[in-house]
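Undergrad: Take a look at the following structure, please.
The values are calculated or read from the model by the stated rules, or taken from the named source; none is laboratory data. What you see is a predicted model, and the numbers here were worked out from it, not measured in a lab. Cβ: placed from backbone, ideal geometry, glycine included. Neighbour counts: every protein chain shown.
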Amino acid sequence: MRLLVTRPEEDAERTAASLRARGHSVVVAPLLHIEALPDAEIGSGPWAAILVTSANAAFAIARHPRGAELKNVPVLAVGERSAQAMRAAGFAEVISAGGDLARLAAERLKQGVPLLYLAGTDRSGDIAGDLRAQNYTVRTAVIYHAVAATALPRAAAEALAGGIDGDFDLFGDGSIQMLKTPGHTPGECSLFVRLPNRKVVLTGDTTHLRAALEGEITMPGDVDPAAAVLSLRRLKAIRDFHEASLIISHDPEDWAEFPHAPAAIE
C-alpha cells in the first residue's frame, strides 16, 4: 500500500519506519516543521519544576540562551518520549507522568510552588490552567512554534498526483484521519476525528442510514457491495474500539440531533 506521511520530520520518519517495516511504500512530506523561539522570555524563577507536554520542548530549550541554567531543575514530562528527549537534552532529573501530568504534579509537588511550563504556540489541553486550579503558580513560556510548509517535496507531489491508496493523516498529527471505505464508490472515504473531549467517526456516503450500518445492508447504488460491507464493518470496529461517536449525516434521526445554523453559531 502506498502511504503519505505528513507529520513533522522527526515524527514522520519514526512513523514511516514503522509503516515500511509492515511492508508499505511510504512517502514522507512534512507539512509542518518546528522552530525554536530563542528570544522567548522564560522568567526569572527559581522554579520548583519544569513541565513539558511535547518532545519539541527539549529541541527548543536546547537552543535557548538560558537553557543551560535550567538543567538542574526537576522536569515532569507528560510521557516517556518527551521524558527521553529532555534527558537527551541534558536535564538531570526527569520523570514521566505516563500521560497524566496534573496527577504527577499533585503527587510530587507542594501546592503554591512556582512551575515553568515549556510550551508551543499551539497546544491541546490546558495543563497550566488545570494546575492553577489546584493552587500552583504556573508560568507558560512559549519557546517553539510550528511553521507550515509552503510546498510539497517533489516525490510527495508526484505521489498525490497518482493518488493515495489507503488512509491519510490529513494534518500529520492524528487529529483528522481520512479512512478509505470503498464500496459506495471506488474512492469513498470517511473521517475519524479526535477532538479534545471526544472522538467522532463521520461516515460520509459510506452509509446513509444507521439501520443499514448496524445490519450491514448495502445501498442499491453501491458499485461494489462486498467492499461496502467490509467498510461498514470497519467503521463499526473503529467506533467500538475508540468508544467514538458515529455520525451519519444522511440519517434523518442523526440530522435532527445536529445543531443547525444560524442558531448554533449565535
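Undergrad: Looking at segment 1-30, which of the residues that are out of contact with any Lys or Arg (no Cβ under 9 Å at 6 or more places or on another chain) and among the basic types (Lys, Arg) is modelled with the lowest pLDDT?
TA: Top of the filtered list is Arg2.
Undergrad: Just wondering, is there one or more residues in segment 194-207 that are in contact (Cβ under 8 Å) with a residue 60 or more places away in the chain and exposed (fewer than 15 other Cβ atoms within 10 Å of the Cβ)? Before you say what the answer is, go through the steps one by one.
TA: Kept after step one, since they are in contact (Cβ under 8 Å) with a residue 60 or more places away in the chain, are these residues of segment 194-207: 196.
Right, trim to exposed (fewer than 15 other Cβ atoms within 10 Å of the Cβ) and you get 196.
Looking through segment 194-207, at least one residue is in contact (Cβ under 8 Å) with a residue 60 or more places away in the chain and exposed (fewer than 15 other Cβ atoms within 10 Å of the Cβ).
Undergrad: Confirm whether Gly90 is modelled with pLDDT under 90, among the small types (Gly, Ala, Ser) and assigned by TED's automatic domain parsing to the domain that holds Val142. So that I can check it myself, show each step before the final result.
TA: Numbers: modelled with pLDDT under 90: no; among the small types (Gly, Ala, Ser): yes; assigned by TED's automatic domain parsing to the domain that holds Val142: yes.
Criteria not met by Gly90.
Undergrad: How many residues does segment 13-47 hold that are among the hydroxyl-bearing types (Ser, Thr, Tyr) and either surrounded by 15 or more Cβ atoms within 10 Å (Cβ to Cβ) or part of a loop (DSSP other than H, G, I, E, B) (or both)?
TA: Of the residues in that region, 2 qualify.
Undergrad: Additional query: With the structure loaded, tell me whether Ala57 is in a strand (DSSP E or B) and buried (at least 18 other Cβ atoms within 10 Å of the Cβ) or whether it fails that test.
TA: In short, no.
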